[in-house]
Amino acid sequence: MDHRLDPEHEELRRTVREFAQDVVAPKIGDYYEQNEFPYEIVREMGRMGLFGLPFPEEFGGMGGDYFALCLVLEELARVDSSVAITLEAAVSLGAMPIYRFGTEEQKRTWLPKLCSGEMLGAFGLTEPEGGSDAGATRTTARYDEATDEWVINGSKCFITNAGTDITGLVTVAALTPSSEDSSDSSPTRSISTIIVPTGTPGFTVSKKYSKVGWNASDTRELSFADCRVPAANLLGEQGRGYAQFLRILDEGRIAIAALATGLAQGCVDESLRYAAERRAFGRPIGANQAIQFKIADMEMRAHTSRLAWYHAASRMLAGEPFKKEAAIAKLHSSETAVTNAREATQIHGGYGFMNEFPVARFWRDSKILEIGEGTSEVQRMLISRELGMTYSPMTY
């Protein structure tokens, strides 16, 4: 298997690498420490076409592929994960469901602005009592035949890009009656996804969370109280929402794996730089074999993570099953990010505990990668299932 980049992908990678170093790196520390969303950087990313990378030109996209998006996420995360997750969530969770499952009208209404970065989209799945159990969704949507509207009630938590000044929509997963019986009193209920534009009456966005990491990204809790949207805002078939977001999450795990690989590689970058500059006992600390071995192990882990997400992405783009490979890539790369961030902080010593050094930011940002888009435990469960290891629910 040849994982060398073709000239087009290599040019994209190089361009984004320069952008991350020249534009993101000098500014992101201030945004991060002040818990501010980096609108200026996001606007520049929009002008570069990054939000439209995997979408067709007819919808305002760049005509690229998902692999190109993941390359960009890796390069951005080598410098900062808040910027990378803003892009990942906007594309994989905000725009991709509309592209994958939307009607022609929905695509033409929403995708051009989402692809340009003029507008951000979000995906409302996780709930306070749901977490990893997406089947525990409690948010409901009933159809009001008199007004031809969906009426949504419930709440969502940990939703990325949900409350920025440029957020335009949230796609909400909600329980609806079965498609065979549209009455709200039907005992059979399934999950559907519905587009809710920002500003819709009954849709409330809470204040930003106070987070350990990803401090320059936007994360909110959402609530819906008799929130009404047109029936035409149903995304895909009624009752098919569960299958839809499983597909979206499988793809998203490859993107998170690429992001995690970038963070892990950024730890190598910063450790190499510091090991060459920092002197102790009369020589650079990089002259010590203990430091050399640490960095060698960090590079090995990052390299292996890259191969894992490349492999998962190649299967996805070839139309082959990729659920197991996506779970492996996400699991390995997220744990690699945490390990590399810890080791990079150790190499920096006391300075690794200072926010002025990027590795302190990497350390704070890494842990969420073992949680978001499916915890490490969920990834192991998925891998086990794909290997044919099935057990009764009581086993878990």
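Quick look at the numbers
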{"item": "Unmet requirement for Glu118, which otherwise passes all of (1) surrounded by fewer than 20 Cβ atoms within 10 Å (Cβ to Cβ); (2) within 21 Å of Val172 (Cβ to Cβ)", "result": "(2)"}
{"item": "Any chance Ile347 is open to solvent by 60 Å² or more (accessible area, probe 1.4 Å) and β-branched (Val, Ile, Thr)", "result": "no"}
{"item": "Among the candidates Phe55, Phe51, residue that is in contact (Cβ under 8 Å) with a residue 40 or more places away in the chain, among the hydrophobic types (A, V, I, L, M, F, W, C), open to solvent by less than 10 Å² (accessible area, probe 1.4 Å) and farther than 20 Å from Ala260 by Cα", "result": "Phe55"}
{"item": "Residue in the range 135-158 that is more than 18 Å from Arg220 (Cα to Cα), open to solvent by less than 30 Å² (accessible area, probe 1.4 Å), part of a helix (DSSP H, G or I) and not polar (S, T, N, Q) present", "result": "yes"}
{"item": "Residue selected from the range 83-136 under the condition charged (D, E, K, R) and closer than 18 Å to Ile152 by Cβ, by the criterion modelled with the lowest pLDDT", "result": "Glu129"}
{"item": "Where a residue in the range 82-110 is buried (at least 21 other Cβ atoms within 10 Å of the Cβ) and its partner, wherever it lies, is at pLDDT 95 or above and of a type in the set (Lys, Arg), with Cβ under 9 Å and at least six apart", "result": "Ser82/Arg361; Ala84/Arg78; Ile98/Lys107"}
{"item": "Every residue from the range 270-318 that is under 30 Å from Leu69 (Cβ atoms), surrounded by fewer than 12 Cβ atoms within 10 Å (Cβ to Cβ) and polar (S, T, N, Q)", "result": "none"}
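The values are calculated or read from the model by the stated rules, or taken from the named source; none is laboratory data. These numbers were taken from a predicted model, which means no experiment stands behind them. Please note: Cβ atoms are built from the backbone with ideal geometry, for glycine as well, and neighbour counts cover all protein chains shown. Just so you know, the surface numbers come from the protein's heavy atoms only, side chains and all, with ligands and any DNA or RNA stripped out. Shrake-Rupley method; radii C 1.70, N 1.55, O 1.52, S 1.80 Å.
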